[in-house]
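Everything below concerns the one structure shown next.
The values are calculated or read from the model by the stated rules, or taken from the named source; none is laboratory data. From a predicted model like this one, the values you see are computed outputs, not experimental measurements. Positions of Cβ are backbone-derived with ideal geometry, glycine not excepted, and every protein chain shown enters the neighbour counts. Please note that ligands, DNA and RNA were not included when accessible areas were found on the heavy atoms of the full protein model with its side chains. Shrake-Rupley method; radii C 1.70, N 1.55, O 1.52, S 1.80 Å.
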Amino acid sequence: MGRLNTEFSRLYLVPDPVPPEQGHLLTTDDTVRAMVLEIARPADWTELSAVWSGVQHDLALPAAAIAVSGTDGLQLWFSVAEPVKAQDAADFLSGLQHKYLSTTAAKRIHRYPSGAQDAAVGHRHAREVPAVHEDTGNWSAFVSPDLASVFGEEPWLDLPPNPDQQADILSRLKSMKTPQFRDALGLLRAAPDAATQAAESRAEQPGNRAAAPQGYNTGKMSPKEFLMQVMNDPAVGLKDRMKAAKALLPYAD
């Protein structure tokens, strides 16, 4: 096995316990280690970079790999050290979309694996990178952060990428530890629920029934800041404020 295959397997493949022990992006028991978020048509790095930097600064997670899809998109490849259920992975990606890409048209965003709500595609996963596109002859490839922005109009390579350079890019990346993933998933799941509940609570107050709730733009604050605001908001029900307080526990000093 070459260096590129070794690094890709280290980050993204779930080993098959049955000989010949071939790794898979998605196993028969519906588990994954790789989670891929893609923006296409156009492949806008300005939008996707908000996710790439946000998970590091807001959620304290390792940097994701950046890839050109070989067709029309830019991708982020997230890695988990231990296999997780595909539905949990789909919820993680959905939470990132809600938090960082709320103003991006949903039809431009692809998530792999897809969630149970995406019945048309089930838990279909992304294609492995690098790979050649059969119809065009263009290649997908991993790219360094400083080069991602130059692929906005043509998110592909005309020639096969150098395997050693691809391995070098992946060798600098780390997988999320399972507790890191679980904490981030809890925050991402809590934020939409808390925002919805806060909006409903405010709407029920006299004089506020027709007014849109203010101060809950989750795309401009960290999960900790958002949960602190919900916890301290007297307009939010006690039960919901307690949920926010529990979600803050991973941030306790």
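Let me spell it out: the conditions are (1) free of Cβ contacts under 8 Å to residues at least 40 places away in the same chain; (2) assigned to a loop (DSSP other than H, G, I, E, B), and ASP146 meets all of them except one. Which number is the exception?
The number of the failed condition is (2).
Within the range 27-45, which residues are more than 15 Å from the chain's Cα centre (by Cα) and surrounded by 24 or more Cβ atoms within 10 Å (Cβ to Cβ)?
Once the filter is applied, which keeps residues that are more than 15 Å from the chain's Cα centre (by Cα) and surrounded by 24 or more Cβ atoms within 10 Å (Cβ to Cβ), the range 27-45 yields only ALA43.
When you check LEU48 against the structure, is it touching a Leu at 6+ places or on another chain (Cβ under 6 Å) and either buried (at least 16 other Cβ atoms within 10 Å of the Cβ) or not in a loop (DSSP other than H, G, I, E, B) (or both), yes or no?
Details: touching a Leu at 6+ places or on another chain (Cβ under 6 Å): yes; either buried (at least 16 other Cβ atoms within 10 Å of the Cβ) or not in a loop (DSSP other than H, G, I, E, B) (or both): yes.
Yes; evaluated as a whole, the condition is true for this residue.
As an exercise: evaluate GLY70 against (1) out of contact with any helix residue (DSSP H, G or I) (no Cβ under 7 Å at 6 or more places or on another chain); (2) open to solvent by less than 10 Å² (accessible area, probe 1.4 Å); (3) within 24 Å of GLU154 (Cβ to Cβ); (4) in a helix (DSSP H, G or I) and give the number of the one condition it does not meet.
(4)
Go through (1) under 17 Å from ALA40 (Cβ atoms); (2) within 14 Å of the chain's Cα centre (by Cα); (3) touching a residue at least 60 places away in the same chain (Cβ under 8 Å) and name the single condition SER69 misses.
So the condition that SER69 fails would be (2).
Residues to consider are GLN166, GLN75; find the one that is open to solvent by less than 30 Å² (accessible area, probe 1.4 Å) and under 12 Å from the mean Cα position of the chain (by Cα). Working first, answer last.
Numbers: GLN166 fails: under 12 Å from the mean Cα position of the chain (by Cα).
Criteria check complete, one pass: GLN75.
Please determine whether any residue of the range 53-63 is part of a loop (DSSP other than H, G, I, E, B), modelled with pLDDT of 95 or more, in contact with a Pro (Cβ under 8 Å, 6 or more places away or on another chain) and open to solvent by less than 10 Å² (accessible area, probe 1.4 Å).
There is no residue in the range 53-63 that is part of a loop (DSSP other than H, G, I, E, B), modelled with pLDDT of 95 or more, in contact with a Pro (Cβ under 8 Å, 6 or more places away or on another chain) and open to solvent by less than 10 Å² (accessible area, probe 1.4 Å).
Looking at the range 84-98, can you tell me whether even one residue there is open to solvent by less than 40 Å² (accessible area, probe 1.4 Å), touching a residue at least 12 places away in the same chain (Cβ under 8 Å) and closer than 14 Å to ILE66 by Cα? Lay out the reasoning, then the answer.
Of all residues in the range 84-98, those open to solvent by less than 40 Å² (accessible area, probe 1.4 Å) come to 84, 86, 88-90, 92-93, 95-97.
Restricting the remaining residues to those that are touching a residue at least 12 places away in the same chain (Cβ under 8 Å) gives 84, 86, 88-90, 92-93, 95-97.
Next, only the ones that are closer than 14 Å to ILE66 by Cα stay: none.
So far as the range 84-98 goes, no, none of its residues is open to solvent by less than 40 Å² (accessible area, probe 1.4 Å), touching a residue at least 12 places away in the same chain (Cβ under 8 Å) and closer than 14 Å to ILE66 by Cα.
Going through LEU227, LEU238, LEU188, LEU249 one at a time, which residue ends up being at pLDDT 65 or above and either in contact with a Gly (Cβ under 6 Å, 6 or more places away or on another chain) or under 30 Å from GLU134 (Cβ atoms) (or both)? Don't jump to the end; show me each part of the working.
Values: LEU227 fails: either in contact with a Gly (Cβ under 6 Å, 6 or more places away or on another chain) or under 30 Å from GLU134 (Cβ atoms) (or both); LEU238 fails: either in contact with a Gly (Cβ under 6 Å, 6 or more places away or on another chain) or under 30 Å from GLU134 (Cβ atoms) (or both); LEU249 fails: either in contact with a Gly (Cβ under 6 Å, 6 or more places away or on another chain) or under 30 Å from GLU134 (Cβ atoms) (or both).
None of the other options fit; the residue is LEU188.
Report yes if some residue within the range 107-124 is over 26 Å from ALA60 (Cα atoms), touching a helix residue (DSSP H, G or I) at 6+ places or on another chain (Cβ under 6 Å), open to solvent by 40 Å² or more (accessible area, probe 1.4 Å) and modelled with pLDDT under 55; otherwise report no.
Checked the range 107-124: at least one residue is over 26 Å from ALA60 (Cα atoms), touching a helix residue (DSSP H, G or I) at 6+ places or on another chain (Cβ under 6 Å), open to solvent by 40 Å² or more (accessible area, probe 1.4 Å) and modelled with pLDDT under 55.
Residue check, ASP91 against (1) at pLDDT 95 or above; (2) assigned to a loop (DSSP other than H, G, I, E, B), all met but one. Which one?
Unmet condition: (2).
Report, by residue number, each residue of the range 150-162 that is surrounded by 14 or more Cβ atoms within 10 Å (Cβ to Cβ) and assigned to a helix (DSSP H, G or I).
Passing the criteria: only PHE151.
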